[in-house]
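The values are calculated or read from the model by the stated rules, or taken from the named source; none is laboratory data. Bear in mind that the values here come from a model prediction, so they are computed numbers and not experimental data. Quick reminder, even Gly has a Cβ in these numbers, built from the backbone with ideal geometry, and neighbours come from all protein chains shown. Note: areas computed on protein heavy atoms with side chains; ligands, DNA, RNA excluded. Shrake-Rupley method; radii C 1.70, N 1.55, O 1.52, S 1.80 Å.
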Amino acid sequence: GFFIKEESFPIYLKKKAKTLLLPLFFVYVLSFAIAWLIAKYVPGILKNDVAFSNLFLSHVFTNGPIWFLSALFFALVIVYFIKKTKNEVIQLILALTISLLGFYWNKIVEWRLPMFWDSGLTAVFFVWFGKYVKIILDKISNRLYCCVLGAITLIVSYLFGATAEMQMNIYNLSPIYYYLLALIGSFSILFLSKAINENLFLQYFGKNSLVVLCFHMFVVMGVCMVCKMFLCPQISIPLAFVLSALLSTIIIPIIKKIFFFVFR
């Protein structure tokens, strides 16, 4: 919600569909084809079931991270209409009510909404709240303050953190605890990002975050398989992280060039 602009709904919908749904469906089909080939010729490697309907049934699938694109699209559409109500108190009530509906969906309903839209419902409050996050960050310009606040929020989120499976829309904690911790964790990343300010390597990933989201799973899987074969966990885990980051910087321009019609 940090980046939402005031636009007419047709333009807004077209932009979101182009930047979220087009990559989602394209990468999903590509991922399914890759997973099908792996399952056929190298059985036993993949943990998740290879079925084309998994995305639409909100089931776990090979390239799991791209569920986020569908949930985000759904949340953005809902927030657009919430923001049409100019009264901010009513906006808060609507955003929180819809978000709580998503939070409790799997507890009160036996079936999931398609394409992870129940997770999208839960995300509505966070997307809506983005504009206030931007206001807060704009008022805090001192990098030292951002560094201190980032460190404090990071420590709090580490000490009091809890497990939340947003992809599966399962939360084994109270909604107050969940929303509070999620906001604290989000602020820690934002404060630390503002403290760092300019960093070409991180900015490169930021500008290409959609490509990273869509393809990092395959990079990480490949690197981890190699590292685990030759190294102990204490060495293989940090090494896999570094190698995955370096390999991603190499494949980003290649993917953008090959699939230019998706990642413009």
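Quick check: from the Cα gyration tensor, does the range 1-124 come out rounded (a/c under 1.5), prolate or oblate?
Note, shape of the range 1-124 comes out oblate.
Which shape class applies to the range 73-221: rounded if a/c is under 1.5, otherwise prolate when a/b exceeds b/c and oblate if not, where a ≥ b ≥ c are the square roots of the Cα gyration tensor eigenvalues?
prolate
Net charge near A17: determine it from the other residues with C-beta under 15 Å of the C-beta of A17, scoring Lys and Arg +1 and Asp and Glu -1.
Local net charge: +4.
For K40 and K14 in the same chain, what is the full-extension length gain: residue separation times 0.36 nm, less their Cα-Cα distance, in nm?
5.6 nm
Which of the residue pairs K5/K84; K86/K131; K16/K83; K83/K139 have a Cα-Cα distance greater than 20 Å in the structure shown?
From the list (K5/K84; K86/K131; K16/K83; K83/K139), the Cα-Cα distance tops 20 Å for K83/K139.
Summing -39500 (n - 2.57) over the DSSP H runs of n ≥ 4 in the chain and dividing by its residue number, what mean residue ellipticity at 222 nm do you reach, to the nearest 500 deg cm²/dmol?
My calculation for the chain gives -23500 deg cm²/dmol from helical runs alone.
Return one whole number: the accessible area per residue of the range 192-264 in Å², for a 1.4 Å probe.
Per residue, the range 192-264 has an accessible area of 67 Å².
Within 14 Å, Cβ to Cβ, of K134, how many net charges do the neighbouring residues add up to if Lys/Arg are +1 and Asp/Glu are -1?
Computed value for this residue: +3.
Counting only protein chains, not ligands or nucleic acids, how are L24, L159, L239 ordered by accessible area (probe 1.4 Å), most first?
Ranked from most to least accessible, the order is L159, L239, L24.
For the chain, build the charge dipole from Cβ charges (+1 Lys, Arg; -1 Asp, Glu) around the Cα centre, then report which of F205, I155, F259 sits farthest towards its positive end.
Looking along the dipole axis, the top candidate is F259.
Sorted by accessible area (1.4 Å probe), largest first, how do W128, W105, W36 line up?
W36, W105, W128
Under 21 Å from the Cα of K228, which lysines turn up, not counting those fewer than eight places away in the same chain?
K47
With labels modelled as points extended 7 Å from the Cα through the Cβ direction, what inter-label distance (nm, one decimal) is found for E7 paired with S174?
4.0 nm
Cα centroid distance between the range 20-98 and the range 110-173, in Å?
After rounding, the separation between the Cα centres reads 18 Å.
Where does each of K131, K47 land when they are ordered by accessible area, with a 1.4 Å probe and the largest first?
These residues rank, largest area first, as K47, K131.
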